[in-house]
Amino acid sequence: SAVQKGYLTDTFIAQLVPRAHLQPPRPPLINVGTYFRVKGLDELVESFVQLAANEGKKAQIVSLGAGSDTRFWRLNVR
């Protein structure tokens, strides 16, 4: 819903939720919450990966209960 409404850009979500367009849109407050949660986690993950890179190390991230989280693919194409 947040992607459909333009709160987020995610080119991979259609692969995980192919019939999202059939779902009713969520209320704006839910979309705003989704936006802040996604952006906050993106910043934390990016900081962690950058910290490891600065130390010459590799970073490993385990995402438990990710559901329709596309962060893996979004990180992989950067």
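The values are calculated or read from the model by the stated rules, or taken from the named source; none is laboratory data. Just so we're clear, the structure is a prediction, and the values are computed from it rather than from any experiment. Note that each Cβ is placed from the backbone with ideal geometry, even for glycine, and that neighbours are counted across all protein chains shown. The area values use the complete protein model at the heavy-atom level, side chains included, leaving out ligands, DNA and RNA. Shrake-Rupley method; radii C 1.70, N 1.55, O 1.52, S 1.80 Å.
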- Query: What net charge do the residues around Ser68 carry, taking every other residue with its C-beta under 14 Å from that of Ser68, with Lys and Arg at +1 and Asp and Glu at -1?
  - Reply: +3
- Query: Summing +1 for each Lys or Arg and -1 for each Asp or Glu, what net charge is found among the other residues whose Cβ lies under 14 Å from the Cβ of Asn31?
  - Reply: +3
- Item | In degrees, nearest ten, helix 28-54 long axis to first principal axis of the chain (Cα) | 10
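Would you mind working out the magnitude of the charge dipole of the chain relative to its Cα centre, with +1 at each Lys and Arg C-beta and -1 at each Asp and Glu C-beta, to the nearest 20 Debye?
Details: 10 positive and 6 negative charges, 33 e Å.
Computed about the Cα centre, the dipole is about 160 debye.
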- Between [x] -0.40, -0.47, -1.32; [y] -0.27, -0.32, -1.13; [z] -0.31, -0.37, -1.29, the structure-derived log10 I(q)/I(0) by the Debye sum over Cα atoms at q = 0.12, 0.13, 0.25 Å⁻¹ is [x]
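Taking the highest mean first, how do the peptides 58-67, 8-17 order by number of other beta carbon atoms within 10 angstrom per residue? Show your work: numbers first, answer last.
Values: 58-67: 8.4, 8-17: 14.6.
The densest-packed peptide leads the list: 8-17, 58-67.
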- Might you tell me the accessible area per residue for the chain, computed with a 1.4 Å probe and given in Å²? 82
- When the Cα centres of segment 1-39 and segment 41-78 are compared, how far apart do they sit, in Å? 20
- Query: Of all accessible surface on the chain at a 1.4 Å probe, what whole percent is carbon and sulfur?
  - Reply: 58
